[in-house]
Amino acid sequence: MQRFVRYASVGAVATATHYAVLAIVVEWLHWPAWWGSGIGAVVGAQVAFFGNRGFTFGHSGEVLPAWIKFQGTAIVGALLGMLIVGVAVNLGLHYLLGQVIATLASLVLTFAINRAWTFKH
């Protein structure tokens, strides 16, 4: 449980980064929300990787193999998020509400994958 709390804490910082990028892409660049969700996820994933590597999982193995695994996991989460945001917007929901739903949907999934595969001791 303690690891999950740490994972969620790092995730909060990464998610704030993700949402900031999403809002910039949508509000300033006027790109589609699903695209902003994907770009934000990529940027947020970098924050999450380094936070989770040290703080959550105490991983001391090689960085590159763990980074590649984490990015694969992040891509799965990003694609799920893009799909959920796209559907939410098409249903008439605000893109940020769609992103909240997407974030919650991917939290448990990515934790399980990262714990069992990316940062496995």
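A residue that is over 22 Å from VAL10 (Cβ atoms), free of Cβ contacts under 8 Å to residues at least 12 places away in the same chain and not hydroxyl-bearing (Ser, Thr, Tyr) occurs somewhere in segment 97-111.
Just to verify a result, which residue in segment 52-81, among those that are outside any helix (DSSP H, G or I) and of a type outside the set (Phe, Trp, Tyr), is nearest to VAL10 (Cα to Cα)? This residue is GLY58. Within segment 5-34, which residues are modelled with pLDDT of 95 or more and open to solvent by 70 Å² or more (accessible area, probe 1.4 Å)? Hits for segment 5-34 are VAL13, ILE24, GLU27, TRP28, LEU29, HIS30, TRP31. Considering every residue within segment 80-88, establish whether at least one is surrounded by fewer than 20 Cβ atoms within 10 Å (Cβ to Cβ), more than 13 Å from the chain's Cα centre (by Cα) and within 14 Å of THR110 (Cα to Cα). No, every residue in segment 80-88 fails to be surrounded by fewer than 20 Cβ atoms within 10 Å (Cβ to Cβ), more than 13 Å from the chain's Cα centre (by Cα) and within 14 Å of THR110 (Cα to Cα). Among the residues that make up segment 54-62, is at least one of them modelled with pLDDT of 85 or more, among the polar types (S, T, N, Q), under 16 Å from the mean Cα position of the chain (by Cα) and open to solvent by 20 Å² or more (accessible area, probe 1.4 Å)? Within segment 54-62, none of the residues are modelled with pLDDT of 85 or more, among the polar types (S, T, N, Q), under 16 Å from the mean Cα position of the chain (by Cα) and open to solvent by 20 Å² or more (accessible area, probe 1.4 Å). For segment 89-121, the candidate set comprises residues that are among the small types (Gly, Ala, Ser) and surrounded by 13 or more Cβ atoms within 10 Å (Cβ to Cβ); within that set, the residue that is farthest from the chain's Cα centre (by Cα) is GLY98. Mind listing whichever residues of segment 76-102 are among the β-branched types (Val, Ile, Thr) and either modelled with pLDDT of 90 or more or over 13 Å from ALA41 (Cα atoms) (or both)? Selection gives ILE84, VAL85, VAL87, VAL89, VAL100, ILE101.
The values are calculated or read from the model by the stated rules, or taken from the named source; none is laboratory data. From a predicted model like this one, the values you see are computed outputs, not experimental measurements. Reconstructed Cβ throughout: ideal geometry from the backbone, glycine too, with neighbour counts over all protein chains shown. In case anyone asks, the SASA skips ligands and DNA or RNA and just uses the protein heavy atoms, side chains included. Shrake-Rupley method; radii C 1.70, N 1.55, O 1.52, S 1.80 Å.
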